[in-house]
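Okay, so here's the structure we're looking at.
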Amino acid sequence: MAEQKFILREKCLEMMDYAYDAMKDMPKDHRYTLGGEIIKSMGTLLRLIIRCGKKYYKKTTLEEMDIEHDALAGHFQVAFMRKAITPKEYEVMSRHLKELGRMIGGWIKKAPR
């Protein structure tokens, strides 16, 4: 389980690194609104991963993490629909988000009820 949180944290950091580069190319009319929401959501997701790794009872934190993950996926979908990010950037971010989602789902399944 300890391995899981470190891998999840590293994958989240990789996603954030890519997303920050994508945000630089975002049009100004979206950069500070939608881009700001994406950056805030990624930071919240990272904090939840760290918090969950340090807690003994993880159920509520894992649920919050899953909700934040879904919200982040929604923000990226809106960014793509508004043409604020390129199809290639959306594809890469979708891969990152799917991988994180699978890892979060696995952690939820392993967590004691």
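The values are calculated or read from the model by the stated rules, or taken from the named source; none is laboratory data. What you see is a predicted model, and the numbers here were worked out from it, not measured in a lab. All Cβ positions, even for glycine, are placed from backbone atoms using ideal geometry, and neighbour counts span all protein chains on display. The area values use the complete protein model at the heavy-atom level, side chains included, leaving out ligands, DNA and RNA. Shrake-Rupley method; radii C 1.70, N 1.55, O 1.52, S 1.80 Å.
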Handout entry: Helix 34-54 vs. the chain, principal-axis angle (Cα, 0 to 90°, nearest 10)
Key = 10
Practice task
Could you please put 58, 28 in sequence from largest to smallest accessible area, using a 1.4 Å probe?
Solution key: 28, 58
Fill in the blank from the handout: Counting Lys and Arg as +1 and Asp and Glu as -1 over every other residue whose Cβ sits under 10 Å from the Cβ of residue 99, the net charge comes to +3
Practice task
Report, please, the projected area of the chain averaged over directions, based on the convex hull of its C-alpha atoms, in nm².
Solution key: 6.3
Handout entry: Pairs of lysines in the range 56-113 (C-alpha under 29 Å apart; 8 or more residues apart or interchain)
Key = 10
Practice task
With an 8 Å cut-off on Cα pairs and a minimum separation of 6 or more residues, tell me the relative contact order of the range 40-113 in percent.
Solution key: 36
Problem - Low-density loop positions, chymotrypsin sites (Phe, Trp or Tyr not before Pro), the range 1-100 - DSSP coil, at most 15 other Cβ in 10 Å - result: 32, 56, 57
Exercise for the section: For a label point 7 Å from the Cα of residue 9 along Cα→C-beta, name the residues of the range 48-65 whose backbone N is under 13 Å from it. Expected result: 48-55
